[in-house]
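Engineer: Input: one structure, supplied below.
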Amino acid sequence: MEPLEVIGLGGFRQDEIYGLDDDYAGAERPARLIATASGGPAINTIFSLARLGLKCGVSGAVGADTAGGLMLDDIRRAGIDTSLVAVRDGSATDKAIIVYDQNTASTAYHCYDAGNTWVPDERLASFLAQASVVHIAGLASASQLTALGEVIARVAPEVRLSLMISEREAAWGIKAYAPLIGRSAVVFAGKTAIERLTGKNFKSAMRICRNLGAQAVAVFLSCGEETRKIRKKGKAACVSTFICNHEYECMIESAIRKWPNIVEITGAQDAFAAGFIFGMVKNKGIDECGFIGDIVAQFCLKTPGARDSLPDPRELTERFFQIHREELII
């Protein structure tokens, strides 16, 4: 059996996505259900990487309920290894209720149950040893972060680490994250999250992560929240990401040209991480990893939910050529 190339660690969840149709600010507001979809930051990223042709696995926990069963069916159909996914009797699969207003600003309510029961252990260390990259995102608790730090410390340094930090997780603090940041090939975070994590502005925060040992840092400055003029390759930006490593920094801004309007932004950051990690596995430079991440995020933005419009290798290479007028060799 061939080894897995990327393994994702973190919460599985069912996303219920709602939209608000008016600006009424009272206690009761009309909302419409946009989509119900399988989600979870790490799982979304792994699902995208599997669609791009990489051999992937996941570890986490779901409830012994309909949502958990459907989620595992989706993942297995994508060819993803679920041998270390726990199914918890008496627990419900985690859920996120995401509400968007007319300006695409969102509020998310996360309901944790089965995800809280996931405990990284010695079996996980053996599972991770086969991977080229391990991606961590969407943890339920600070105790899981501590336990994962202990597991990752037992994994050979040749296994690269990718770390996504949300605004909620950033509240656990830079000291809690320091061991994993120091081991990371790349750290992903939104601007608000990384500033909350460090108490510094995002560029200073990126330097702190680099000084701790992170090889690269990617900060999402916008993701569907605004449309504005950008460089000559496009007329509007819906994803802008600042990336740096020890010798290079760049701003990646979407060149949206002949491209559908944004439908809904859930999972776009997870998709960017997938494209970036795909570039890492293919030994691309940091700028090219960023370009690939941006393209995968663009595809994600085309339909509600995090997975339905993700690209396959042909779609990725065609879009890359359309934007950059260069062949993407993968």
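Engineer: Six or more apart or on different chains, Cβ under 6 Å: which pairs go from a residue in segment 317-330 that's over 12 Å from Glu288 (Cα atoms) to one that's assigned to a helix (DSSP H, G or I)? Could you list them?
Structural biologist: Correct list of pairs: Arg319/Ile295.
Engineer: If you don't mind, there's one more thing I want to ask. Here is a check on your reading of the model: is Ser141 under 30 Å from Ala205 (Cβ atoms) and surrounded by fewer than 17 Cβ atoms within 10 Å (Cβ to Cβ)?
Structural biologist: Yes: the conditions hold for Ser141.
Engineer: Go through (1) closer than 30 Å to Leu301 by Cβ; (2) in contact (Cβ under 8 Å) with a residue 60 or more places away in the chain for Gln130 and report which single condition fails.
Structural biologist: Every listed condition holds for Gln130 apart from (1).
Engineer: Also, quick follow-up: Given the conditions (1) in contact with a Cys (Cβ under 6 Å, 6 or more places away or on another chain); (2) crowded, with 24+ Cβ neighbours inside 10 Å; (3) modelled with pLDDT of 90 or more, report the number of the one that Gly293 does not fulfil.
Structural biologist: With respect to (1) in contact with a Cys (Cβ under 6 Å, 6 or more places away or on another chain); (2) crowded, with 24+ Cβ neighbours inside 10 Å; (3) modelled with pLDDT of 90 or more, Gly293 is out only on (1).
Engineer: What are the residues in segment 66-100 that are loosely packed, with under 14 Cβ neighbours inside 10 Å and either among the aromatic types (Phe, Trp, Tyr) or in contact with a Cys (Cβ under 9 Å, 6 or more places away or on another chain) (or both), if any?
Structural biologist: Listed by number, the list holds a single entry, Gly79.
Engineer: Give me the residue from segment 101-116 that is buried (at least 16 other Cβ atoms within 10 Å of the Cβ) and over 19 Å from the mean Cα position of the chain (by Cα) and, out of that set, nearest to Ala156 (Cα to Cα).
Structural biologist: Asn116
Engineer: Which residues, counting only those in segment 164-182, are in contact with a strand residue (DSSP E or B) (Cβ under 8 Å, 6 or more places away or on another chain) and either charged (D, E, K, R) or in contact (Cβ under 8 Å) with a residue 40 or more places away in the chain (or both)?
Structural biologist: Met164, Ser166, Glu167, Arg168, Leu180
Table: residues versus (1) more than 28 Å from Asp312 (Cβ to Cβ); (2) touching a residue at least 60 places away in the same chain (Cβ under 8 Å); (3) in a loop (DSSP other than H, G, I, E, B).
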| site | (1), (2), (3) |
| --- | --- |
| Glu16 | no, yes, no |
| Thr45 | no, yes, no |
| Gly57 | no, yes, no |
| Gly60 | no, no, no |
| Ala67 | no, no, no |
| Met71 | no, no, no |
| Arg76 | no, no, no |
| Gly79 | no, no, yes |
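Engineer: While we're here: May I ask you to list the residues in segment 183-196 that are touching a residue at least 60 places away in the same chain (Cβ under 8 Å) and either of a type in the set (Val, Ile, Thr) or assigned to a helix (DSSP H, G or I) (or both)?
Structural biologist: Passing the criteria: only Val186.
Engineer: Within segment 149-156, identify whether any single residue is at pLDDT 95 or above and within 26 Å of Phe291 (Cα to Cα), and answer yes or no.
Structural biologist: No: segment 149-156 contains no residue that is at pLDDT 95 or above and within 26 Å of Phe291 (Cα to Cα).
Engineer: Any chance you could count how many residues in segment 167-203 are over 20 Å from Met251 (Cα atoms), within 14 Å of the chain's Cα centre (by Cα) and buried (at least 22 other Cβ atoms within 10 Å of the Cβ)?
Structural biologist: Total meeting the criteria: 1.
Engineer: Name the residues in segment 134-163 that are touching a residue at least 60 places away in the same chain (Cβ under 8 Å) and within 22 Å of Met71 (Cβ to Cβ), would you?
Structural biologist: Of all residues in segment 134-163, those touching a residue at least 60 places away in the same chain (Cβ under 8 Å) come to 134-140, 148, 160, 162.
Across segment 134-163, the qualifying residues are Val134, His135, Ile136, Ala137, Gly138, Leu139, Ala140, Leu148, Ser162.
Engineer: So if I check each of Ile194, Ile208, which one is β-branched (Val, Ile, Thr) and either at pLDDT below 95 or over 20 Å from Phe272 (Cα atoms) (or both)?
Structural biologist: Every option except Ile208 fails the conditions.
Engineer: Is it the case that Ala37 is within 21 Å of the chain's Cα centre (by Cα) and part of a helix (DSSP H, G or I)?
Structural biologist: On the way: within 21 Å of the chain's Cα centre (by Cα): yes; part of a helix (DSSP H, G or I): no.
It is false that Ala37 is within 21 Å of the chain's Cα centre (by Cα) and part of a helix (DSSP H, G or I).
Engineer: Could you check, for segment 117-126, whether at least one of its residues is of a type in the set (Val, Ile, Thr) and within 14 Å of Ser59 (Cα to Cα)?
Structural biologist: Yes; the residues of segment 117-126 include at least one that is of a type in the set (Val, Ile, Thr) and within 14 Å of Ser59 (Cα to Cα).
Engineer: Continuing with the same structure: Which residues, counting only those in segment 87-137, are hydrophobic (A, V, I, L, M, F, W, C) and part of a loop (DSSP other than H, G, I, E, B)?
Structural biologist: Kept after step one, since they are hydrophobic (A, V, I, L, M, F, W, C), are these residues of segment 87-137: 87, 92, 96-99, 105, 108, 111, 114, 118-119, 124-125, 127-129, 131, 133-134, 136-137.
If the condition is that a residue be hydrophobic (A, V, I, L, M, F, W, C) and part of a loop (DSSP other than H, G, I, E, B), then Ala92, Ala105, Trp118, Val119, Ala129, Ala131, Ala137 are the ones that fit.
Yes/no matrix, rows are residues, columns are (1) modelled with pLDDT of 95 or more; (2) not β-branched (Val, Ile, Thr):
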position	(1), (2)
Asp22	no, yes
Ala25	no, yes
Arg29	no, yes
Arg32	no, yes
Ser38	no, yes
Pro41	no, yes
Thr45	yes, no
Ala50	yes, yes
Val62	yes, no
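Engineer: Glu264 passes all but one of (1) part of a loop (DSSP other than H, G, I, E, B); (2) buried (at least 21 other Cβ atoms within 10 Å of the Cβ); (3) at pLDDT 75 or above; which number fails?
Structural biologist: It is condition (3) that Glu264 fails.
The values are calculated or read from the model by the stated rules, or taken from the named source; none is laboratory data. Source: prediction; values computed, not measured. Here Cβ is always computed from backbone atoms with ideal geometry, including for glycine, and neighbour counts include all displayed protein chains.
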